[in-house]
Amino acid sequence: MTQEFSPRLTEVTYHRIFADSRGDSHFDTVTVEQGLARAAPPAAPFYVSSDSPATKYRFYTFEPGWVGELHPAPTRQFLSLMSGAVEMETTDGTVRRLERGDLVLLEDTTGRGHVTRNIGKGYALFFVIPVPAT
């Protein structure tokens, strides 16, 4: 599923994978509100969300044809797909196609996890930001 920009400039939407109490994983869609702010004076105001904690980042690169069999996320983390195309599948059978620019929050750090597949013809590159549990 390619990210579509919200018709309202004041929102950002992303995918989320989480585990339920039985250890099964599911997709959700999350919307974050933004407000117009002077966040970088003297630049003109732009839309900004509230801050959330993050202290490091990393990159994941998957070779063409790579499949990450059913696995929980190693940590709670945001993944932003910078290039390529992947599918992510939850244990409830839902499959979402992610393309460049899509963002997903992995919170299924327990339970059965999810499957990730590089379905593109080239490498898939994620920018990854581990985030603390809320």
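Odds and ends about this structure:
- Electrostatic bookkeeping for residue 24 treats Lys and Arg as +1 and Asp and Glu as -1; over the other residues with beta carbon under 15 Å from its beta carbon, the sum is -3.
- Comparing 42, 53, 72 in a Gaussian network model of the chain (Cα springs below 10 Å), the most mobile by mean-square fluctuation is 42.
- Förster radius 22 Å - calculated FRET efficiency between residue 67 and residue 29, Cβ distance, rounded to 0.05: 0.35
- Top of 60, 47, 123 by mean-square fluctuation, Gaussian network on the chain, Cα under 10 Å: 47
- Cα centre as origin, Lys/Arg/Asp/Glu Cβ charges: the chain dipole, Debye: 360 debye
- As a calculated quantity, the FRET efficiency between residue 22 and residue 44 at R0 = 35 Å, using C-beta atoms, amounts to about 0.10.
- Assuming charge only on the beta carbon of Lys and Arg (+1) and of Asp and Glu (-1), the dipole of the range 71-134 about its Cα centre is about 160 debye to the nearest 20.
Values quoted throughout were computed directly from the atomic coordinates according to the rules given, and no laboratory measurement underlies them. This one's a predicted model, so the numbers in the text were calculated from it and none came from an experiment. Neighbour counts run over all protein chains shown; Cβ positions are idealised from the backbone, glycine included.
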